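Below is one structure, written out as structure tokens; comments come after it.
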Amino acid sequence: MAFHWAPRADGTSVYPWVGAGCSELLGLEPALLQADAGQFWRLIHPDDRAPLKLAELRAQQQGRLFHHICRLSTAAGAVRLIEIVAYPLPPEGEIWSALALDISDQQCRLEELHQLQHVLEHQRQQAQVQARSLAEAHAALARLSTMDPPTGLPNRLHFEHSLMRAVSVAQRHGRPLTLLRLKLQGLRHCNARHGFLAGDRALQVFAGLVIASLGQEQMGGRLGGVDVAVLLPELEPAGVRLWLAALQARVHSSEPLQSAGLSVGHGLAECLADDTADQLLLRADAELRRFA
């Protein structure tokens, strides 16, 4: 609807000219609105009248473009959303050229778009949660495939793969690498005397002591039964002896292991320039059998 708006000093307005769109937008004949501008204000939603009047007064004071959106109750009882744009006509600016547009449909489309965006955001968040759950499940499966559940140590397959890589790195860079094989001795007697649950508990305690003794680059693994292996890279023989002494001290101060009469045997092998992982394992095992 196009129209001319002439504000008065007392705060009221008149509409000197109203276009034919008045009938379509307001359900009123243009002549009726020209005769009584109050009919327009009576159609404005009660909650929107004061903001609209305030916006008009500000536009008059500033003498520049007026833009406002408000609700309109049509003669048929429908509530529509309208956008009003007006600007003062030269030379005096006493009359404003105005345009009122029904933007209800556009607003509905905008609300639908916002709702769709909300749905998409919710779906994106759900997808992220599902992706995290899937990643955690994959990580858990990976841990299960490489871990020995009773002890929490890497299993034999994972340890042997790590041993092959460690041997390759040590030989390529000429760095020291020691393989230590440990055996919890007396476990068979503990099982016979206290039961297998007590033996399993003792093995778990021993594995926990090994894990607590490992440094950042060091690794332990369960090879089977009571046989545990430890990789000690970058340690010279003196450092290996200190590491072993510290572990033995932990074992001796462990009440569960001492009360069960358990001790730890060990055998070690230093990686040579032409060693394979299997050869290193065999030499450490031979040392373990020799001193056990």
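Observations, loosely collected:
- Globularity index of the range 137-256 is 1.13 (Cα radius of gyration / 2.2 N^0.38 Å, N = number of residues).
- Working from Cα pairs under 8 Å separated by at least six residues, relative contact order for the range 1-145 is 19 percent.
- The range 1-150 - convex hull of the alpha-carbon atoms, volume per residue in Å³: 186 Å³
- Interatomic Cα distance distribution for the range 76-210, bins of 10 angstrom, percent: 9, 15, 15, 13, 9, 8, 7, 8, 9, 5, 2, 0
- Rg to Rh quotient for the range 1-84, alpha carbon positions, Kirkwood Rh: 0.93
- Contact order relative to length of the range 5-60, as percent, for alpha carbon pairs under 8 angstrom and 6 or more apart: 23 percent
- The packing ranking, built from the mean of other Cβ atoms within 10 Å per residue, places the peptides 268-279, 125-136 in the order 268-279, 125-136, highest first.
- The Stokes-Einstein estimate for the chain, based on a Kirkwood radius over Cα pairs and taken at 37 °C with 0.692 mPa s viscosity, is a diffusion coefficient of 122 µm²/s.
- Placing +1 on the Cβ of every Lys and Arg and -1 on the Cβ of every Asp and Glu, with no other charges, gives the range 115-253 a dipole of roughly 340 debye about its Cα centre.
- The range 28-35 - phi-based ³J(HN,Hα) in whole Hz, Karplus 6.51/-1.76/1.60, Gly and Pro as x: 10, 6, x, 5, 5, 6, 5, 6
- Estimated from the Cβ-Cβ distance and a Förster radius of 25 angstrom, the FRET efficiency linking residue 79 and residue 17 is about 0.40.
- Note on the range 210-292: Cα convex hull, mean projected area over all directions, 6.0 nm².
- Whole-number D in µm²/s for the range 13-61 (Stokes-Einstein; Kirkwood sum over Cα pairs; 10 °C, 1.306 mPa s): 136 µm²/s
- Ranking 55, 157, 204 by how far each Cα lies toward the positive end of the dipole of the chain (charges on Cβ) leaves 204 at the top.
- Solvent accessible area, Å² - residue 146, 1.4 Å probe, full protein context: 50 Å²
- Based on alpha-carbon atoms, the Kirkwood radius and the radius of gyration of the range 97-151 give Rg/Rh equal to 1.57.
- Put 251, 226, 79 in order of accessible area, highest first, and with a 1.4 Å probe you get 79, 226, 251.
- Contact order relative to length of the chain, as percent, for alpha carbon pairs under 8 angstrom and 6 or more apart: 13 percent
- A simple rule links phi to the HN-Hα coupling: the Karplus curve 6.51 cos²θ - 1.76 cosθ + 1.60 with θ = phi - 60°, which for the range 179-189 gives 9, 10, 10, 10, 9, 7, 8, x, 5, 4, 5 Hz, with x for Gly and Pro.
- With N as its number of residues, the range 53-98 has a Cα radius of gyration that, divided by 2.2 N^0.38 Å, comes to 1.36.
- Ellipsoid semi-axes in whole angstrom, largest first, where each is sqrt(5λ) of the Cα gyration tensor of the range 144-190: 27, 16, 6
The values are calculated or read from the model by the stated rules, or taken from the named source; none is laboratory data. What you see is a predicted model; the values in this text were computed from it and never measured. Here Cβ is always computed from backbone atoms with ideal geometry, including for glycine, and neighbour counts include all displayed protein chains. Remember, those area values only see protein heavy atoms, side chains included, never the ligands or the DNA or RNA. Shrake-Rupley method; radii C 1.70, N 1.55, O 1.52, S 1.80 Å.
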